[in-house]
1. Check whether at least one residue in region 281-288 is surrounded by fewer than 19 Cβ atoms within 10 Å (Cβ to Cβ) and in a loop (DSSP other than H, G, I, E, B), and report yes or no.
2. Please find, within region 122-131, the residue that is nearest to residue 62 (Cα to Cα) out of those that are in contact (Cβ under 8 Å) with a residue 12 or more places away in the chain and either surrounded by 14 or more Cβ atoms within 10 Å (Cβ to Cβ) or aliphatic (A, V, I, L, M) (or both).
3. Considering each residue of region 63-81, count those that are open to solvent by 30 Å² or more (accessible area, probe 1.4 Å) and not in a helix (DSSP H, G or I), and give that number.
4. Can you pull out every residue in region 68-85 that is over 22 Å from residue 114 (Cβ atoms) and free of Cβ contacts under 8 Å to residues at least 40 places away in the same chain?
5. Name the one entry in 212, 200 that is open to solvent by less than 50 Å² (accessible area, probe 1.4 Å), within 19 Å of residue 410 (Cβ to Cβ) and β-branched (Val, Ile, Thr).
6. Given the criteria in the same structural domain as residue 291 (by the TED database), in contact (Cβ under 8 Å) with a residue 40 or more places away in the chain and either on the phi > 0 side of the Ramachandran plot or not in a helix (DSSP H, G or I) (or both), does residue 369 qualify?
7. Determine if region 468-484 includes at least one residue that is outside any loop (DSSP other than H, G, I, E, B) and either at pLDDT 55 or above or open to solvent by 30 Å² or more (accessible area, probe 1.4 Å) (or both).
8. Please go through region 218-243 and give me each residue that is open to solvent by less than 70 Å² (accessible area, probe 1.4 Å) and under 11 Å from residue 180 (Cα atoms), ordered by number.
Amino acid sequence: MCLYVSLCISVCFSPVVVYGVNTGFGKFAHTLIPKDKLIVERTRMLLALRINVLAKGYSGVSMETVQAMVKAFNASCLSWVPEKGTVGASGDLAPLAHLTLGLMGEGRMWSPQRGWDHAKTVLECHGLTPLLLKPKEGIGLINGTQMMSSLAAEAVERAVGVARQADIIAALSLEALRGTTKAFHSGIHAVRPHPGQIEVALRLRSLLHSDVFPSQISESHRTCDRVQDAYTLRCIPQVHGVANDTIAFVKSILSTELNSATDNPLVFAERGETISGGNFHGEYPAKALDYLAIGVNELASMSERRTERLVNPSLSELPAFLVQDGGLNSGFMIAHCTAAALVSESKALCHPSSVDSLSTSAATEDHVSMGGWAARKALKVVEHVEQVLAIELLAACQALEFLRPLKSTTPLEKVHELVRTVVRPWDHDRQMSPDIEAAHMLLREEKVWEAVRPYMDQYRDRHGGRYRLRTYSHASEPQPSIHLMGFL
């Protein structure tokens, strides 16, 4: 079994890149990890998920080995693991082999006390003994879908956060463009009752002009002769709604996957059987992650078009590129180009990886999921969505400056105030990347959602329970049973 581990190690060489956020399907981590520690956080989640699988008792791994892995987790002794090299068929065999290698005292490992060092040195520094594998344990430790699942957990959590904040940013843009709220009338959505569509329409009604939160901006154009808006404004519930439904579907798949026995063969000790099967195959998470990328990217596609409307004076009736002295200042011109570039790049990333398959292992593994690549590119798409929406958030707040002294609704003004705590108005050209990064951070930490949630609840309460505002999830979806704190 140990030889099998070493053979898998030899084919992988690309190191994990720096992205991570310490998250799972529990409460989203609101404090982002310092840059020098990001490289290890996905390995932490990978180790946690692998412990969770082994603890189910179907892998033929001893309690002693599982307890040793828990001790390594609690001490933050984390192996060097590559992000590339898995085809997602015999599970994430190569990354899991690297995870196991470190626990065996070989290769590189990281801990807060030692930083990066030889694995055996790191383990001994924490009073831990390298694993000495028993029969069946080699293959039991390296067979499963935990790498793609750990990346998927992060992607889904970030998608949940950005999707609900996309509705808020879209409401800001609609207000700045002086659009109509008629398209969000509850009656329209009641006759096409997709859960996500109904939810998004409710959120928009709770943010825009109403008897609860009046808007001076809305009142200023109440008698205009415009009948309806462009699709990126009028169809927000329909497009954002299916993104929400997509996320909920993927979350239900991943909740099951995170808590499943996914190695091979499986040991059924209660009846004395060891059975070979195919639970290691990554097709479920791979397909779900491809779907996640496709669904979530539409939030960015809509957002970029709304930003175009904001910066285009023929569409917005606002100063060109949202800046005075347009001949001297380019304003939001290049920011919009950045959004367009990110959306275009994501279109290529949305090509499904799971439609590809290459036979491996002398044609024994003759169909593979490519789930590792599905997870990595889904996470990249989610990141692009966050960045595109950060640009729209800045543009919408800048547009409101040109409508003063008129005020928007209370919740939308709170968002404007929040943004102005980190980014000042654009009065002349300056380096914009710090502004975009600051707005991106607000979205990653869900500050925009936090700013308006009390007002959305107030709207719900005023309407006497006729509407149900919720943090989006299907009531019937299974809730995950893994809790990282359980290992502490």
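1. No, the conditions are met nowhere in region 281-288.
2. Once the filter is applied, the top-ranked residue is 131.
3. Total satisfying the criteria: 1.
4. none
5. 212
6. Here the answer is yes, as residue 369 does meet what is asked.
7. So far as region 468-484 goes, yes, one or more of its residues are outside any loop (DSSP other than H, G, I, E, B) and either at pLDDT 55 or above or open to solvent by 30 Å² or more (accessible area, probe 1.4 Å) (or both).
8. 218, 221, 224, 229, 230, 233, 234
The values are calculated or read from the model by the stated rules, or taken from the named source; none is laboratory data. Treat the numbers as computed from the prediction; the structure is a model and nothing was measured. Here the Cβ is made from the backbone with ideal geometry for all residues, glycine too, and neighbour counts use every protein chain on show. Remember, those area values only see protein heavy atoms, side chains included, never the ligands or the DNA or RNA. Shrake-Rupley method; radii C 1.70, N 1.55, O 1.52, S 1.80 Å.
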